[in-house]
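Below: one structure, written as structure tokens.
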Amino acid sequence: MKLLQVPTASLEQRIKEEMEVNPALEESSFEDNEEEQNYEELDREEVAGGGDSDAKEESDQEPEAEEEYDPLDEIDLSDYLTDDDVGSYKLRDNNYGDPDEENKSIPIAIHSTFHEHLMEQLGMVKLSERKYKIATQLIGSIDDDGYLRRELEAIVDDLAFAQNVDVEEEELLEMLKIVQAFEPSGVGARNLQECLLLQIMRKDGVNGTRRYLEIAEEILENYFDEFAKKHYDKLQRNLSVSDADLKGAVAEILKLNPKPGSTYVSSAKPENYVVPDFLISNNSGVLRLTLNSKNAPDLRISDTYRDMLKEYTQTKKKTKPQKEAVMFIKQKIDSAKWFIDAIKQRQQTMLKTMQAILDYQYEYFGTGDETRIKPMILKDIAEITGLDIS
């Protein structure tokens with residue numbers, strides 16, 4: 001249950017922790033080819049039948065005095081020398097790629113920051129080196145909301161000291177208009193009124209909204225205080241418009257974005273990447289479900305520990321330290337086998353559950369149309385899979 005609850009992004013770390021405390025557990029690699037392939041047969045021969053000559057020699061010897069009870073006598077060590085699980089590489093054809101091989105890479109969100117987006121647009125404007133420096137300083141002074149809240153006088157000083165560029169406020173305003181023409185609409189405004197005005201002026205009137213946009217522009221330019229205080233009666237009298245026109249104009253203003261830079265993630269904020277548990281591929285209308293490779297690690301019992309057990313079985317006289325070492329090895333192998341089995345159960349439970357969800361919502365996954373999603377609760381999937389709701 002604990003392993004089942006571990007998120008995919010944390011499973012790899014959980015496996016590493018288990019491998020640190022249990023040296024009998026290790027990740028399998030495809031380099032272990034012929035030797036690993038024949039390991040099971042060799043062990044069975046040596047443990048089950050290969051020790052006849054040793055047994056004959058021991059039978060010829062005189063019986064020793066009665067030995068103390070040894071718990072290892074009741075344990076079939078051959079069970080620990082063989083690996084019943086067939087490695088995945090044993091089932092592969094070397095001449096062809098594995099059709100089930102999934103992309104091992106984790107999807108990572110790649111996007112430009114707000115200021116990078118502005119700089120990309122600046123690069124498409126033909127400017128002299130001097131004007132480029134001024135525009136770059138302006139963009140760097142824009143905050144994450146998209147506003148230029150720094151006073152123009154201060155930016156003039158910044159350019160003089162940092163860029164060694166002497167500039168007048170008039171030239172700065174000229175460059176600011178160029179930046180304010182960038183996307184997103186409203187960027188580079190010095191206050192909310194200017195931000196909304198920049199947006200409303202760039203909107204095209206469609207479906208009879210041109211009249212509303214003209215009224216909205218007049219409201220923002222000449223009656224912004226009345227609009228902010230919601231003095232709609234006063235607005236209607238000053239503008240001499242009907243109720244319908246005023247409502248339409250106000251509706252257009254409310255569609256505007258008061259923080260144009262908010263649609264971009266700040267580079268200073270931590271990124272949260274989503275690691276999927278499952279991958280669904282659509283092959284000509286046939287949906288195929290696979291687990292994320294992070295959920296299906298190749299784990300195995302360490303060969304080193306098996307070799308130590310094999311050496312013990314081939315030893316004629318077992319000392320007490322050897323027996324204690326074997327008991328320790330047995331415990332570690334038992335623990336490793338339990339962990340591998342728990343990982344497999346996790347995979348089976350996850351696949352069984354998601355396959356039931358996929359079948360239940362097949363129309364949605366096949367089309368991507370959210371209107372095809374059926375109402376679904378935990379009880380529905382629990383009944384299909386035969387698993388408990390928890």
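The values are calculated or read from the model by the stated rules, or taken from the named source; none is laboratory data. The shown structure was predicted, so the numbers you read here are calculated from the model rather than taken from an experiment. Don't worry about glycine lacking a Cβ; one is built from the backbone with ideal geometry, like all the others, and counts go over all protein chains shown. Surface areas here come from the heavy atoms of the whole protein model, side chains and all, with no ligands, DNA or RNA. Shrake-Rupley method; radii C 1.70, N 1.55, O 1.52, S 1.80 Å.
Go through 6-14, 192-200 and give me the packing order, highest mean Cβ count within 10 Å leading.
So the peptides 6-14, 192-200, ranked by packing, come out 192-200, 6-14.
Do you know the relative contact order of the range 256-367, to the nearest whole percent, from alpha carbon pairs under 8 angstrom that are 6+ apart? Here the relative contact order equals 28 percent.
Report, in listed order, any pair from Lys203/Lys255; Lys294/Lys374; Lys133/Lys259; Lys310/Lys344 with a Cα-Cα distance greater than 22 Å.
Table pairs above 22 Å Cα-Cα are Lys294/Lys374; Lys133/Lys259; Lys310/Lys344.
Annotation: peptides 173-184, 152-163, ranked by per-residue average of other Cβ atoms within 10 Å with the highest first, follow the order 173-184, 152-163. Dimensions of the range 236-345 based on its C-alpha atoms, expressed as ranges along the principal axes with the largest first, amount to 110, 42, 20 Å. For the range 292-390, the fraction of 1.4 Å probe accessible surface lying on carbon and sulfur atoms is 54 percent.
Scanning residues 5 or more positions from Leu299 or on other chains, those with amide H under 5 Å from its amide H are Ser28, with H placed 1.01 Å from N in the peptide plane.
Counting only heavy atoms of protein chains, what accessible area per residue, in Å², does the range 257-390 have with a probe of 1.4 Å?
63 Å²
Val241 exposes around 20 Å² of accessible area when a 1.4 Å probe is run over every protein chain in place.
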